[in-house]
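**Q** Before I ask anything, let me first share the structure, which is written out below as structure tokens.
We did not get these values from a lab; they are worked out from the coordinates using the rules stated. Predicted, not measured: the structure shown is a model, and the values here were computed from it. Heads up, the Cβs are rebuilt from the backbone with ideal geometry, glycines too, and the neighbour counts pull from every protein chain shown.
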Amino acid sequence: MREGFVLHPVSNNRISFGDLVSKASNLPLPENPTIKQDKFYLIGKPVQRWDTGEKINGSATYGADVELPNLLYGTVVHAPILGSKITKVDDAKAKAFPGYLAAIPFHDQVVVFANSTWSAFKSTEMLTIETEGGFPSLSDEIISKKLQDDA
């Protein structure tokens, strides 16, 4: 095995793991398989991570660190009752929150857009969401209480 491919030792032909798994899934399982531990390339061996230093010293760049011009941030609020459909979103209070831009209902969730992660998260707390249908005995509030009672 080298660089994500299985190599044939004589012909040097190679096959990806995805293709190999597809073909291997059609083979019968052996009753007493042997494990060739001395021939492993990676298993059981220390492997140097290329990003460890940057993670330790705090200089690593993550997706959340990237800032682009006019970048919007969003979060999703699910309907508070399992299986219900959102019929109305009142965002009057959220509109007064700095950075809030919009709340768009979509089936059983609302996508909230803002100009920062903080504004997106905080403005969701100011939404009033009305729903219909679903299973009222399986609301977020009832499920949370049940989990706390059972803990």
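**Q** Out of (1) 24, 18, 15; (2) 46, 11, 9; (3) 49, 26, 17, which label holds the value of semi-axes √(5λ) of the Cα gyration tensor in Å that was computed here?
**A** This structure yields the entry labelled (3).
**Q** In addition: Long-range amide H contacts for residue 102: which residues qualify at under 5 Å (H placed 1.01 Å from N, peptide plane, sequence gap of 5 or more or a different chain)?
**A** Sorted by chain and number, the residues that satisfy this are 113.
**Q** Kindly provide the pair-distance distribution of the range 77-151 built from C-alpha pairs, with 5 Å bins from 0 and whole-percent values in order of increasing distance.
**A** Calculated P(r), rounded to whole percents: 3, 18, 23, 19, 16, 13, 7, 2.
**Q** As an exercise, use a Förster radius of 35 Å and the Cβ-Cβ distance of residue 40 and residue 60 to find the FRET efficiency, rounded to the nearest 0.05. The partial results should precede the final answer.
**A** On the way: r = 29 Å, r/R0 = 0.84.
It comes to 0.75.
**Q** Give me the net charge of residue 41's neighbourhood, meaning all other residues with Cβ under 15 Å from the Cβ of residue 41; Lys, Arg count +1, Asp, Glu -1.
**A** Working: positive: 2, 14, 36, 39, 45; negative: 3, 38.
Charge balance near residue 41 sits at +3.
**Q** Net charge near residue 128: determine it from the other residues with C-beta under 11 Å of the C-beta of residue 128, scoring Lys and Arg +1 and Asp and Glu -1. Please report the intermediate quantities before stating the final value.
**A** Numbers: positive: 88, 93; negative: 90, 91, 125, 130.
The answer is -2.
**Q** Taking GluC sites (Glu not before Pro) as exposed when DSSP calls them loop (any state but H, G, I, E, B) and at most 15 other Cβ atoms lie within 10 Å, what is the longest stretch of the chain free of them, the sites themselves excluded? It would help to have the intermediate numbers written out before the result.
**A** Working: sites that count: 3, 31, 67, 125.
Longest run free of exposed loop sites: 68-124.
**Q** Something else about it: So what is the relative contact order of the range 70-150, in percent, for Cα pairs below 8 Å that sit 6 or more residues apart?
**A** Numbers: 150 pairs, mean separation 33.0, N = 81.
Averaging sequence separation for qualifying contacts and normalising by length gives 41 percent for the range 70-150.
**Q** Can I ask one more? Could you give the length gained by full extension between residue 138 and residue 1, i.e. 0.36 nm per residue of separation minus their alpha carbon distance, to one decimal place? Each step should come with its number before you reach the end.
**A** Details: separation 137, 0.36 × 137 = 49.32 nm, distance 4.99 nm.
Here the answer is 44.3 nm.
**Q** What relative contact order, as a whole-number percentage, does the range 42-116 give when Cα pairs under 8 Å and 6 or more residues apart are counted? Don't skip to the answer; put the middle values down first.
**A** Numbers: 71 pairs, mean separation 23.1, N = 75.
Here the relative contact order equals 31 percent.
**Q** Using only DSSP helix segments of four residues or longer, with each worth -39500 (n - 2.57), what per-residue ellipticity at 222 nm results for the chain after dividing by its residue count and rounding to 500? Spell out each step's value before the answer.
**A** Values: 5 runs with 37 residues, N = 151.
Calculated at 222 nm, the ellipticity per residue is -6500 deg cm²/dmol.
**Q** For each of 107, 78, count neighbouring Cβ atoms within 10 Å of the residue's Cβ, then give the residues from fewest to most. Could the numbers behind the result be given before it?
**A** Numbers: 107 9, 78 14.
Ordered from fewest to most neighbouring Cβ atoms within 10 Å, 107, 78 come out as 107, 78.
**Q** Among rounded, prolate and oblate, which fits the range 1-62 when a ≥ b ≥ c are the square roots of the eigenvalues of its C-alpha gyration tensor, a/c under 1.5 means rounded, and a/b larger than b/c means prolate?
**A** Values: a/c = 2.38, a/b = 2.11, b/c = 1.12.
In terms of gyration-tensor shape, prolate.
**Q** Here's a follow-up. Scan the chain and report its longest stretch carrying no trypsin sites (Lys or Arg not before Pro) that are both in a DSSP loop and have at most 13 other Cβ atoms within 10 Å.
**A** Details: sites that count: 36, 49.
Answer from the scan: 50-151.
**Q** Please work out how much length the chain gains when fully extended from residue 87 to residue 32, using 0.36 nm per residue of separation minus the C-alpha to C-alpha distance, in nm with one decimal. Could the numbers behind the result be given before it?
**A** Numbers: separation 55, 0.36 × 55 = 19.80 nm, distance 5.92 nm.
Residue separation times 0.36 nm, minus the Cα-Cα distance, leaves 13.9 nm.
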